[in-house]
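Visitor: Got a structure for you, written out below as structure tokens; questions coming shortly.
The values are calculated or read from the model by the stated rules, or taken from the named source; none is laboratory data. Source: prediction; values computed, not measured. As a convention, Cβ positions derive from the backbone with ideal geometry for all residues, glycine included, and neighbour counts pool all protein chains shown. Areas reflect the complete protein model, heavy atoms only, side chains present, ligands, DNA and RNA absent. Shrake-Rupley method; radii C 1.70, N 1.55, O 1.52, S 1.80 Å.
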Amino acid sequence: MSEYAISEELPRRFRSEFPALEEYAYLNHASVSPLPMRSAEATKRYLDDRMRYGSLHFEDWLAARNDARTRAAQLINADPEEIAFTGNTSHGLSIVAQALEWKPGDTVAVSYPDFPTVVFPWQNLARRGVKVAKIMRHGGSLRTEDVERVLDQTEARLLMVASVDFATGAACDLDALGALCRERGTLFCVDAIQSLGAAPMDVHRSSIDFLAAGGHKWLLGPIGFGILYVRQSREELLHPSTVGWCSVEDGETITLDFKLRKDAGRFEPGTQDIASLYGFAASLSLLQEAGVENIHAHTLGLGQYIRDCCAERGLALASPDEPGERSAIVSIEHPDADRAVKALSAEKVVVSLRDGRIRVAPHLASTTGDIDRLFQVLDAV
């Protein structure tokens, strides 16, 4: 399969899962995805069950939680015990930042500029004497040699990067960055919200210690629900700043024996959002049926189609063209991007305005027809 092969099968099999696509050319998955029909239905079944029976089927809720945890682990080649559920990406990264034992003078190396979630949890450690060293992106791209230089100059204790730049779609070489960290004994933390679900992820191959992602973008899941991965060998490095009855061993027995769980469950202090768990598991089942490798190839193919359409019109791109840096996001330079995005919205073509550019983000059910609608509007602006 060509890395730029547009799939006919994926939209044929899964487009009906997204009623929004009957009316909209929805190309905004880097912001918030439409919820798949199966996810909405799974959530409704749970809500109806609770409305009618209260907690009578509590054991079924626990089974749904286990199912969601297992599916999330499979998505990144982790063990279920290494997955904690969170409220969003910011929540997950803040758990890591606050749970590590820091010493005054410790340094965190951070990709910059980046989405605030990548930067703020570490800047928030200034009161504890922790310094932030910026690794500058160039046109959105993060160069491995720049990362190596900053790690060596600062002896950073942790490297924090986004897997994909939210503005340009530039993808990091996580394998290379993980190797740098492994060689230096540096902890490696990844904000994966702009790639997880749209591109393959293997936390072991990339030597990732911590990873966080919200569910509402490429994972096609509920808003306000996400995952945190903590490598099993690193769990003892993290002491949770927030604990509750679910943080301890045998929490269901409801005793006052304070023994923190030895897995990532220690970061889940209390009762969770069960409705979102049901929806999240259903969304992950769709991704697994489609195959993330297939989704990746399809979105790269659509990205090439967007590039070709831009070239025909003399429109420049802010997104990198190197194959290893491409992602499902393509950012288009336009002389009047603000007006163009408003015109697209009026014609039911959904994209985002980011850094004065048109950010286009198709997913598994998107087609060249959706892209054609985009350019029909742009041609008229």
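Visitor: In region 299-315, how many are surrounded by fewer than 13 Cβ atoms within 10 Å (Cβ to Cβ) and either out of contact with any helix residue (DSSP H, G or I) (no Cβ under 9 Å at 6 or more places or on another chain) or small (G, A, S) (or both)?
Guide: The total comes to 3.
Visitor: Then there's this: Within region 28-46, take every residue that is over 28 Å from R307 (Cα atoms) and hydroxyl-bearing (S, T, Y) and give me the one that is least open to solvent (accessible area, probe 1.4 Å).
Guide: That would be S39.
Visitor: Any idea which residue in region 6-22 is most open to solvent (accessible area, probe 1.4 Å), counting only those that are part of a loop (DSSP other than H, G, I, E, B) and either under 16 Å from I329 (Cα atoms) or free of Cβ contacts under 8 Å to residues at least 24 places away in the same chain (or both)?
Guide: E8
Visitor: Only one of (1) modelled with pLDDT under 95; (2) of a type outside the set (F, W, Y); (3) not in a loop (DSSP other than H, G, I, E, B) is not met by L284, so which one is it?
Guide: So L284 meets the others, but not (1).
Visitor: Testing Q376 on (1) under 27 Å from the mean Cα position of the chain (by Cα); (2) of a type outside the set (F, W, Y); (3) open to solvent by 60 Å² or more (accessible area, probe 1.4 Å), one condition comes back false. Which one is that?
Guide: Going through the list (1) under 27 Å from the mean Cα position of the chain (by Cα); (2) of a type outside the set (F, W, Y); (3) open to solvent by 60 Å² or more (accessible area, probe 1.4 Å), Q376 breaks only (1).
Visitor: Please enumerate the residues belonging to region 210-241 that are surrounded by fewer than 23 Cβ atoms within 10 Å (Cβ to Cβ) and more than 20 Å from F115 (Cβ to Cβ).
Guide: Result: R231, Q232, S233, R234, E235, E236, L237, L238, H239, P240, S241.
Visitor: Count, please, the residues in region 118-145 that happen to be over 18 Å from D191 (Cβ atoms) and assigned to a helix (DSSP H, G or I).
Guide: Number of matching residues: 4.
Visitor: A further question follows. Do you know which of the residues in region 336-373 that are of a type in the set (S, T, N, Q) and assigned to a helix (DSSP H, G or I) is least open to solvent (accessible area, probe 1.4 Å)?
Guide: Of region 336-373, the ones of a type in the set (S, T, N, Q) are 345, 352, 366-368.
If we keep only those that are assigned to a helix (DSSP H, G or I) too, we end up with 345, 368.
Working: S345: 78, T368: 47 Å².
Filtering first and then ranking leaves T368.
Visitor: Tell me, please, whether a residue that is surrounded by fewer than 16 Cβ atoms within 10 Å (Cβ to Cβ), closer than 23 Å to V292 by Cα and of a type outside the set (K, R) can be found in region 47-56.
Guide: no
Visitor: Please find, within region 23-46, the residue that is farthest from D165 (Cα to Cα) out of those that are part of a helix (DSSP H, G or I) and in contact with a helix residue (DSSP H, G or I) (Cβ under 6 Å, 6 or more places away or on another chain).
Guide: Once the filter is applied, the top-ranked residue is Y46.
Visitor: Is it the case, given these coordinates, that A73 is within 19 Å of F267 (Cα to Cα), at pLDDT 95 or above and not in a loop (DSSP other than H, G, I, E, B)?
Guide: It is true that A73 is within 19 Å of F267 (Cα to Cα), at pLDDT 95 or above and not in a loop (DSSP other than H, G, I, E, B).
Visitor: While we're looking at this one, here's another question. Do we find a residue being open to solvent by 10 Å² or more (accessible area, probe 1.4 Å) and farther than 17 Å from H216 by Cβ anywhere in region 277-284?
Guide: no
Visitor: Being surrounded by fewer than 24 Cβ atoms within 10 Å (Cβ to Cβ), among the charged types (D, E, K, R) and without any contact (Cβ under 8 Å) to a residue 12 or more places away in the chain: is that true of E155 here?
Guide: Taking the combined requirement at face value, the residue does not satisfy it.
Visitor: Determine whether region 66-74 contains at least one residue that is open to solvent by less than 80 Å² (accessible area, probe 1.4 Å), in contact with a Ser or Thr (Cβ under 7 Å, 6 or more places away or on another chain) and touching a residue at least 12 places away in the same chain (Cβ under 8 Å). Outline the logic, then answer.
Guide: First pass over region 66-74, keeping only residues open to solvent by less than 80 Å² (accessible area, probe 1.4 Å): 67-73.
Pick out the ones that are also in contact with a Ser or Thr (Cβ under 7 Å, 6 or more places away or on another chain) and you get 71.
From the residues that got through so far, the ones that are touching a residue at least 12 places away in the same chain (Cβ under 8 Å) too are 71.
Looking through region 66-74, at least one residue is open to solvent by less than 80 Å² (accessible area, probe 1.4 Å), in contact with a Ser or Thr (Cβ under 7 Å, 6 or more places away or on another chain) and touching a residue at least 12 places away in the same chain (Cβ under 8 Å).
Visitor: Would you check if there is a residue in region 304-317 being under 30 Å from R69 (Cα atoms) and assigned to a helix (DSSP H, G or I)?
Guide: No, region 304-317 contains no residue that is under 30 Å from R69 (Cα atoms) and assigned to a helix (DSSP H, G or I).
Visitor: Report, by residue number, each residue of region 164-192 that is under 16 Å from N77 (Cα atoms) and in a loop (DSSP other than H, G, I, E, B).
Guide: The one that is under 16 Å from N77 (Cα atoms) and in a loop (DSSP other than H, G, I, E, B): A192.
Visitor: Of the residues A97, A78, A25, which single one is buried (at least 22 other Cβ atoms within 10 Å of the Cβ) and without any contact (Cβ under 8 Å) to a residue 60 or more places away in the chain?
Guide: Going through A97, A78, A25 in turn, the sole match is A97.
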